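The structure appears below as structure tokens.
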Amino acid sequence: MNIDELDKNLKCYTKDELLYKEYYFAKKNPDILKNFIDNLDIEYIKNNYIIIPEVEESFSPYFLDEDYTFNKKKDYNVIALKHYRYTPIFKHKHSFFEMLYVYSGNIEQNIMGNQISLNEGDICIIPPGVEHSLGIFNDCVVINVLIRSTTFNDTFLEVLSDENILSSFFTKILYTKNYNNYIIFRTHNSSQIRTFMSNIIIESIDSEQYSNKILDNFLMILFAHLLRDKKNSVELPKELQKSTSHLTSILTYIQRNYKAITLDDLSKEFHFSVPYLSKLIKANTGHTFKEMIQTIKLNKAIELLTSSDLKILNISDTIGYEDPNHFIRTFKKIYGISPNQYRQKINKT
């Protein structure tokens, strides 16, 4: 698929969009709505996760789980989907990042009760756990780029390696209790950004060999261009906290060296006392240094159990456990099942 074909594809109404559009206008007349509901193909509604609130069997999402959403593309970290026009407005949250791109037109997005206007070319990134909703009742086209949060650190580590607006945004979300509900890049419909986004969408739709790796790299390039070219076109709901200016660097350093890092190592690297670092991490993340390291290791273990055929012994060694039995006990304590049982469970879904 080329960019011209993509443009035609996105602007053309799908079968589901036509159904939603018919429902939207049917709601204006009770008799027409009743006739519409009576003639619905309930099996189609169920099988295609159509949202029709008047139909008990219809899809009614509030929390969208990462494993469920990426179920058909388990080896992907990035998926691009068109937001179906005329879909009923529904508030929801999810366990992954969502990057919304306004491909054409102008829209209104509600995030945590705040109504936000987005123009053609704008990009809005919404963190996991943030309630939001979107309604498109015209010909505007919006693309939702879904980004795994569980593998974000390993996949997009370079984004977090420098002190910049994106590294602060993502690092605070991944590791702290206080973070922004969204970040907006006003690209002024940049042709360059539009080309990058179009390539991401095409790669996601085509899903060819190595598309998952190409998508990871496309997103990294997009982030780099947003930082380089659009620094002065960024909007946040509130200014990122400046009281812990070293926090992003400290958390990034921990992520890069989680296998064997100690508080003493951290103290020598950043020239802070161990008690100060311990309090800083606890105050901003809600977890102790030890708990944070354990979480990073187990998240990496989940990724390897899901996406590789490595033996448990090798996974234990890869993530920094000297004793595989200690790894297995820790994993079972947190998740309630052993690493092998977790892998078997994932492979069955």
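The values are calculated or read from the model by the stated rules, or taken from the named source; none is laboratory data. Values in this document were obtained by computation on a predicted structure and should not be read as measured data. Methodologically, a virtual Cβ is constructed for each residue, glycine included, from the backbone with ideal geometry; neighbour enumeration extends over all protein chains shown. For the accessible areas, the whole protein counts, side chains as well, though only heavy atoms, and no ligand, DNA or RNA atoms are used. Shrake-Rupley method; radii C 1.70, N 1.55, O 1.52, S 1.80 Å.
Tabulated values for the structure
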item: Normalised contact order of segment 208-349, rounded percent, pairs of Cα under 8 Å and 6 or more residues apart; result: 14 percent
item: Accessible surface of the chain [probe 1.4 Å, protein heavy atoms]: carbon and sulfur percent; result: 49 percent
item: Cα-centred dipole magnitude for the chain, charges only on beta-carbon of K, R (+1) and D, E (-1), debye, nearest 20; result: 1020 debye
item: Helical segments meeting 18 Å axial Cα length and Kyte-Doolittle -0.5 threshold in the chain (DSSP H); result: 191-206, 211-229, 289-307
item: Correct option for percent of Cα pairs over 40 Å apart [calculated from the coordinates] among (i) 31; (ii) 20; (iii) 15; result: (ii)
item: Estimated vicinal HN-Hα couplings, Hz - segment 42-50 in sequence order (Karplus 6.51, -1.76, 1.60; Gly, Pro = x); result: 4, 5, 5, 4, 5, 5, 10, 6, 7
item: DSSP-defined antiparallel bridges as percent of all bridges, the chain, nearest 5; result: 95 percent
item: Loop-located trypsin sites (Lys or Arg not before Pro) in segment 255-288, at most 14 other Cβ atoms within 10 Å (DSSP); result: 259
item: Contact order normalised by residue count of the chain, Cα under 8 Å, 6+ apart, percent; result: 14 percent
item: Added length on full extension, which subtracts the Cα-Cα distance from 0.36 nm per residue, residue 60 to residue 9; result: 15.7 nm
item: Eligible lysines near residue 8 by straight Cα distance, threshold 23 Å, same-chain separation 8 or greater; result: 21, 82
item: Ratio Rg/Rh [Cα only; Rh per Kirkwood] for segment 244-318; result: 1.04
item: Sequence of 23, 84, 68 from largest to smallest accessible area, 1.4 Å probe; result: 68, 84, 23
item: For segment 116-127, 3J(HN,Hα) per residue [Karplus equation, 6.51 cos²θ - 1.76 cosθ + 1.60, θ = phi - 60°, Hz, x = Gly/Pro]; result: 10, 8, 10, 9, 3, x, 5, 10, 10, 9, 10, x
item: Segment 44-133: C-alpha gyration tensor shape, a/c 1.5 cut-off, then a/b vs b/c; result: oblate
item: Rounded accessible area of residue 12 (nearest 10 Å², 1.4 Å probe); result: 80 Å²
item: Cβ crowding within 10 Å averaged over residues, with 46-52, 193-199 ranked highest first; result: 193-199, 46-52
item: Surface per residue (accessible, 1.4 Å probe) for the chain, Å²; result: 51 Å²
item: FRET efficiency for residue 317 and residue 256, using Cβ-Cβ distance with R0 set to 30 Å, rounded to 0.05; result: 0.95
item: GNM top mover of 112, 292, 99 - the chain, alpha-carbon springs below 10 Å; result: 112
item: Within straight-line cross-link reach of residue 93, lysines at Cα separation under 16 Å, skipping those fewer than 8 residues along the same chain; result: none
